[in-house]
Every structure is written in structure tokens, then in C-alpha cells.
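First the structure, in the form of C-alpha cells, and then the observations on it.
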Amino acid sequence: MSTNHPSLGPHEGIELELMLANKKDLSLFYTDSEIPKDFFPLFKAKKLFFRTISFPNALLHNENYMDFKMHIISKNENCLKADRLEHLLKISFRPGQSIIEIEREIGELLGYEKHDIDFYINHRYH
């Protein structure tokens, strides 16, 4: 998948389209971004699967604590990439982690191109 220029969210709004076209194995949605309704018939038909990860009282990058959830959507119920993504998301909140390398691997698992991952990291952490 190629974009002409780097973007913070090049998959935003087209996650399902990319997954159905076999261009994306995983999608990730946060508490403040509901899973689009077009996904739900595919969950019911067991063509896509989701898991929810809860983060109670998590310290966010803006120094605030809050409860939130993340939803990982995958094409397989037992998906090693989804397992890895869940692990990375959980450790990303531990103090002393190399968050940039974690963010880089998360971006790769979510199917982003290197230039989009670099753009995101530079925008968010520099």
C-alpha cells in the first residue's frame, strides 16, 4: 500500500476496505473512536474478529490518567500478530520503555509504510 506523502492516519476511514482487500491484517480503534458499524456483520459471520484491551487508570502522554480501551480487529481469531500488538500496547504504558521502538513496531503490525510511521513518530515525540 503506498501513499504519495506521509500522513498521521492514512488508513483512517478505510480500515475495513484495506482488510477486505488483504492489504491490512489488523486494525486498531481507541475508546474515543468507535468501531464503524460496517465491521459488525463481519464479526457476526466470523470473517473478522475483535478483542478489547482495557487500560484502567493509564498514564497518558499528556500526563493525565484515565480509563480507556483499545479494540484490535483481525482476520483470524487466533492471530499471532494481534497477540503481539496486544503485548506491545500493554507494555507501552510501562515506565522506562523505548516507546519510539514500540510505536514503530505497532505501526508495522498495523500495515503502515515506513514513511508514515516516521512521520507519526516525529510528529508525536519530537
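Determine whether GLU77 is modelled with pLDDT of 90 or more and surrounded by 12 or more Cβ atoms within 10 Å (Cβ to Cβ).
Values: modelled with pLDDT of 90 or more: yes; surrounded by 12 or more Cβ atoms within 10 Å (Cβ to Cβ): no.
No, not satisfied.
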note = A careful count of residues in segment 92-113 that are among the hydroxyl-bearing types (Ser, Thr, Tyr) and within 20 Å of PRO56 (Cβ to Cβ) gives 1
remark   = With criteria (1) buried (at least 16 other Cβ atoms within 10 Å of the Cβ); (2) modelled with pLDDT under 90, PHE29 comes up short on (2)
inquiry  = Tell me the residue from SER33, SER54, SER27 that is under 15 Å from the mean Cα position of the chain (by Cα) and in contact (Cβ under 8 Å) with a residue 40 or more places away in the chain, please.
reply    = SER27
key: Those residues of segment 94-125 which are surrounded by 14 or more Cβ atoms within 10 Å (Cβ to Cβ), on the phi < 0 side of the Ramachandran plot and not in a helix (DSSP H, G or I), in sequence order   = LEU110, TYR112, GLU113
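So, of the residues in segment 27-49 that are in a strand (DSSP E or B) and out of contact with any helix residue (DSSP H, G or I) (no Cβ under 6 Å at 6 or more places or on another chain), which turns out to be nearest to GLY107 (Cα to Cα)? I'd like the intermediate steps shown before the answer.
Kept after step one, since they are in a strand (DSSP E or B), are these residues of segment 27-49: 27-30, 49.
Those left that are additionally out of contact with any helix residue (DSSP H, G or I) (no Cβ under 6 Å at 6 or more places or on another chain): 28-30, 49.
Values: LEU28: 10, PHE29: 13, TYR30: 15, PHE49: 20 Å.
Per the stated criteria, the residue is LEU28.
Would you mind finding the one in LYS69, LYS75, LYS81 that is closer than 14 Å to LEU26 by Cα and touching a strand residue (DSSP E or B) at 6+ places or on another chain (Cβ under 7 Å)? Talk me through it step by step, then tell me what you get.
Numbers: LYS69 fails: closer than 14 Å to LEU26 by Cα; LYS75 fails: touching a strand residue (DSSP E or B) at 6+ places or on another chain (Cβ under 7 Å).
From the options LYS69, LYS75, LYS81, the qualifying one is LYS81.
The values are calculated or read from the model by the stated rules, or taken from the named source; none is laboratory data. Model, not experiment: these values are computed from the prediction. So basically every Cβ, Gly included, is an ideal-geometry build from the backbone, and we count neighbours across all protein chains shown.
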